[in-house]
């Protein structure tokens, strides 16, 4: 069963309003885990007019052990010898990294000129802007750079690049997507982003939205109430509930048990790592 994209009109309108103006801020797209942030952008990318060129990079899908690994994740290496090719299509153009020839890519890293990588990215967006295109950079699961060695330096360097693309050059819209609010605070403080960023919330569904969504798939009032009490309005679980409608009660109980187990596991880890913080968390519960 294919589950339709549901009721993100307000968020889409907000993003399209941002895109209607020249780039001047980094936009952090945040919200609870599994609230549908990635799905929202995947849907939006497919709806954009052809003048938009999207560079969508999901950092969760890429191995980033160190600074060099991270830089490499920003590129889509091609065999073509030309410096950059803008794929022409009647649809929105989408890349999984900034296109670069294999020869130039190898030279850039063989000579340890990774700083030039950022200059190359700026030049790509400026070329597109001159051609009448509207570049968009989407860094999904951006909190993953916090796991990279030398993370403080990497955060500072990366967000300097993003500031250059938006606040200084006005050549590319930038959306940094994350569910980690602690990472947002870390980035804000370390990258000196005051006056250079803004925030867009993608939240779980509220009760009425959840009801409207489930009613489309023939859930009755009792089933809807059960889903809401066990799972709330988290889109990923609502989709799973629809697929498990034939065993709904069992599915809801299993999901709740799994989530409780996950929380207990994290709390036990916290106790081993930081006893003082553990006590604060227990007091909060």
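A short reminder: the numbers here are calculations on the coordinates, not readings from a lab. Just so you know, these numbers come straight off a predicted model, no measurement behind them. Glycine also receives a Cβ, built like all others from the backbone with ideal geometry; neighbour counts cover every protein chain displayed.
Restricting everything to alpha-carbon atoms, can you work out Rg to Rh for segment 207-284 with a Kirkwood hydrodynamic radius?
1.15
Compute the acute angle (0 to 90°) between the alpha-carbon long axis of helix 114-130 and the principal axis of greatest extent of the alpha-carbon atoms of the chain; round to the nearest 10°.
With rounding to tens, the tilt is 90 degrees.
What is the angle, in °, between the Cα long axis of helix 275-284 and the longest principal axis of the Cα atoms in the chain? Nearest 10 is fine, range 0 to 90.
50 degrees
Restricting to DSSP H runs of at least four residues, report the calculated mean residue ellipticity at 222 nm for the chain, -39500 (n - 2.57) per run over all residues, nearest 500 deg cm²/dmol.
-15500 deg cm²/dmol
Determine, for 60, 78, the number of other Cβ atoms within 10 Å of each Cβ, and report the residues in order from fewest to most.
Values: 60 11, 78 16.
The most exposed by this proxy come first: 60, 78.
Would you list 27, 120, 153 from fewest to most Cβ contacts within 10 Å?
Starting with the residue having the fewest Cβ neighbours, the order is 153, 120, 27.
Give me the distance between the Cα centres of segment 155-198 and segment 10-37, rounded to whole Å.
Using only Cα atoms, the two centres lie 14 Å from each other.
Relative to the first principal axis of the alpha-carbon coordinates of the chain, what is the inclination of helix 9-19, with its axis defined by its Cα atoms, in degrees from 0 to 90 and to the nearest 10?
10 degrees
Tell me which label goes with the value of Cα Rg over 2.2 N^0.38 Å computed from the coordinates here: (i) 1.14; (ii) 0.92; (iii) 1.05.
Of the listed options (i) 1.14; (ii) 0.92; (iii) 1.05, (i) comes from this structure.
Could you tell me how many cubic angstrom of Cα convex hull volume segment 239-278 has per residue? It would help to have the intermediate numbers written out before the result.
Working: hull volume 2.3 nm³, N = 40.
Looking at segment 239-278, the number lands at 57 Å³ per residue.
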